[in-house]
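*Asks:* Before I ask anything, let me first share the structure, which is written out below as structure tokens.
The values are calculated or read from the model by the stated rules, or taken from the named source; none is laboratory data. Worth saying up front: this structure is predicted, and the values here are computed from it rather than measured. Note that we place each Cβ from the backbone using ideal geometry, even for glycine, and neighbour counts take in every protein chain shown. For the accessible areas, the whole protein counts, side chains as well, though only heavy atoms, and no ligand, DNA or RNA atoms are used. Shrake-Rupley method; radii C 1.70, N 1.55, O 1.52, S 1.80 Å.
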Amino acid sequence: MNVYQLVQIIWAVSCTLLIILVLLHSPKGDGLGGIGGQAQLFSSTKSAEATLNRITWILSLTFISLTVVLSAGWLNN
């Protein structure tokens, strides 16, 4: 496994997780509270939503950065 394949795997995983996290967001601000049981991991629903937002931003930046790197051909195949 070379660096190019490793970056592709990280890119695909970040894409999948990003889709899942975006679907977990609630348009009404309920966040993880609508799922039931999941929000109990956090101290409050607001804390769960803030953590979800933070992870979503990190994954989106990772996905966009790796998309640029892979499409520009900066890594040797």
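*Asks:* Of all residues in the range 45-77, which are aromatic (Phe, Trp, Tyr) and more than 22 Å from His25 (Cβ to Cβ)? Please lay out each step first, then the result.
*Replies:* Filtering the range 45-77 for residues aromatic (Phe, Trp, Tyr) gives 57, 63, 74.
Within the range 45-77, Trp74 is the sole residue that qualifies.
*Asks:* Please give the number of the condition Thr16 fails out of (1) polar (S, T, N, Q); (2) modelled with pLDDT of 95 or more; (3) in a loop (DSSP other than H, G, I, E, B).
*Replies:* (3)
*Asks:* Separate question: Looking at the range 32-49, is at least one residue on the phi > 0 side of the Ramachandran plot, modelled with pLDDT under 85 and open to solvent by less than 60 Å² (accessible area, probe 1.4 Å)?
*Replies:* Filtering the range 32-49 down to residues on the phi > 0 side of the Ramachandran plot leaves 36-37.
Cutting the leftovers down to modelled with pLDDT under 85 gives us 36-37.
This time we only want the ones that are open to solvent by less than 60 Å² (accessible area, probe 1.4 Å), so: 36-37.
Checked the range 32-49: at least one residue is on the phi > 0 side of the Ramachandran plot, modelled with pLDDT under 85 and open to solvent by less than 60 Å² (accessible area, probe 1.4 Å).
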